[in-house]
Amino acid sequence: MPVMPAAPHVLVVDDDETGRRGLEELLRADGFATSSAPDGEAALVEVRRAMPAVALTDLHMPGIHGTELCRRLHQIDPDLPVIVMTAFSDMEAVVETLRVGAEDYLIKPLHYDAVVWCVNRAVARRTAKREQEALYRTLNERLVLSSIREQELAEAEARQRAQLNALLENLQEGVVIADPSGRVLMVNRAARGILEVGDEGLPTTAALNGVETHDLQGQPLPIEQRPLSRALRGEHFADYELLRTRPDGERRRLVSTGTNVREDSGKAALAIVVFRDVTELRRLERQRDEYMALLSHDLRNPLASILVLVSTLKQLVTKKGLTQDAELAERAERNVKRMNAMIGELTEATSLESHGVELRREARDLRELVAGVVNRMDDPRRRRITFDTDGEPPCVVLADTSRLERVVENLLTNALKYSAEDAPVKVQLARKGSAVELEVSDRGIGIAPENVKMLFDRYYRTSAGMARASGLGLGLYIARLVVEAHGGRIDVSSEVGRGSTFRLVMPLHTASG
Ligand code: ADP
């Protein structure tokens, strides 16, 4: 049901009781609510109580005069429309009452229609005024709120900008940001150091590019090939390495990454280049390579002779029936071989990193390759390996035989060393569409799910693996590099305590059919 608005309440103030009551009756008959007061004092009390919508008041009453009453009524309700009723002869008093804020006046004797019209108009004005005020209030509140919000947003933005600036300033990497016109907008502290620009102001692109720069082959690098020019052209690049010559003639090696931020429309808005000075790092890497070369050449040769000597010694003592000595010799031989294998892994990993994986590929049937590895394994535990290829069609791949053999051998050795002495290791080979899948499964210690993603990283070993056997954590890393260079992939599924299956997937060599 719609809510009907309450009938407007009219207060009638008059010392003439007959007139007062008559007026009330007529107004009530017309749907108004009414109350009345015989004088000003009573009227003030009634206004406080009933909060009427309109007051109709006589001017000449005992006690408070109508004009004064009008003023005092407005102290209680400033919006209350007061309509004064008086004789025609008293226009001066009427004007005075209008001056102190009366809404309207009615001349006695009253014409009832004029009274209703006048009251209705006063009510309508008062309602309109209140609605307008409410509207102003809402608008005002909204304005205040939105300006508070704007201020908060501006503060948050300024805070974020300050945080970003602090972050960029404190980065180890040099950062240069430019707009598409080539105007440099930001150079952080590290970039000022690396690119040798002073602390004052922002350098121009020309100043940043105006230093002698060479590629890694020592050829001068044209301006358009410099990192900032490339990023400004909208290129994205990573690990772009170059040589930058300092004013004192020293050449520094810088690696840079370039990207750009685009507007929603796709238009380039900012070019960002991140620099790192890798001179020292590359020097250390070179040292490491030299060290590894030393290991591989100078250590492996004496180790090979030690191996020959220990093997001969083993044969001699075995022939003489000295079982205990033979066992000692056997242990020494195993350790020398392990050491040799570790040095092999270290040098192979280093050479793969420094020179990339250079493959010498030939068409090889993986069935033969794997069988060959299993048969040649110099490990008494290899008896635990089963490899059944009966009925399998040829699985020919383009392989760098010796590298792939080492990968397979590593998977087999791992399966043996990370499982119990009598646990079986199963090797399976199958053609799957245009790929060949080799699986090496064991029932060993398994690998926890959180360790799986790091398993093929350099030097990574699980704690369970470390507790069980020695190793460098390089075998699977090398395996991944080699297999990926062959266009294949390697992964593992495993369950702790139940075993692991390493899966090597290689593209089938199509010429083999
Ligand atoms: P490592 O020389 O340590 O064996 P790998 O790179 O071959 O180096 O292996 C890395 C680590 O992965 C191992 O140290 C071991 O923790 C875990 N791992 C490899 N193969 C297995 C396996 N078959 N079962 C359980 N853990 C394995």
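The values are calculated or read from the model by the stated rules, or taken from the named source; none is laboratory data. Given the structure is predicted, the values throughout are model-derived calculations rather than measurements. Cβ coordinates were reconstructed from backbone atoms using ideal geometry, including for glycine residues, and neighbour counts include every protein chain displayed.
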Kindly establish whether R338 is away from the ligand (no atom under 16 Å from the Cβ), in contact (Cβ under 8 Å) with a residue 24 or more places away in the chain and out of contact with any Pro (no Cβ under 7 Å at 6 or more places or on another chain).
no
Hits in segment 154-205 - residues which are surrounded by fewer than 11 Cβ atoms within 10 Å (Cβ to Cβ) and not charged (D, E, K, R):
A154, A156, A158, Q160, A162, Q163, A166, N170, Q172, S181, G198, G201
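Just the residues that are in contact (Cβ under 8 Å) with a residue 60 or more places away in the chain and out of contact with any helix residue (DSSP H, G or I) (no Cβ under 6 Å at 6 or more places or on another chain), please, taken from segment 32-85.
Just the residues of segment 32-85 that are in contact (Cβ under 8 Å) with a residue 60 or more places away in the chain, to begin with: 32, 53-54, 56, 85.
Those that are in contact (Cβ under 8 Å) with a residue 60 or more places away in the chain and out of contact with any helix residue (DSSP H, G or I) (no Cβ under 6 Å at 6 or more places or on another chain): F32, L56, M85.
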Kindly evaluate E41 against the criterion of being out of contact with any Pro (no Cβ under 6 Å at 6 or more places or on another chain), at pLDDT 90 or above and among the acidic types (D, E).
yes
Quick count over segment 266-325, residues being acidic (D, E) and modelled with pLDDT under 85, is 4
Looking at (1) exposed (fewer than 14 other Cβ atoms within 10 Å of the Cβ); (2) closer than 20 Å to I478 by Cβ; (3) not charged (D, E, K, R), which is the one condition that is false for M339?
(1)
Within segment 462-510, take every residue that is part of a helix (DSSP H, G or I) and loosely packed, with under 14 Cβ neighbours inside 10 Å and give me the one that is farthest from the ligand (Cβ to nearest atom).
T510
When you check K314 against the structure, is it basic (K, R), within 16 Å of the ligand (Cβ to nearest atom), touching a helix residue (DSSP H, G or I) at 6+ places or on another chain (Cβ under 8 Å) and part of a helix (DSSP H, G or I), yes or no?
no
When (1) within 26 Å of A268 (Cα to Cα); (2) touching a Gly at 6+ places or on another chain (Cβ under 9 Å); (3) assigned to a helix (DSSP H, G or I) are applied to A93, the one that fails is (1)
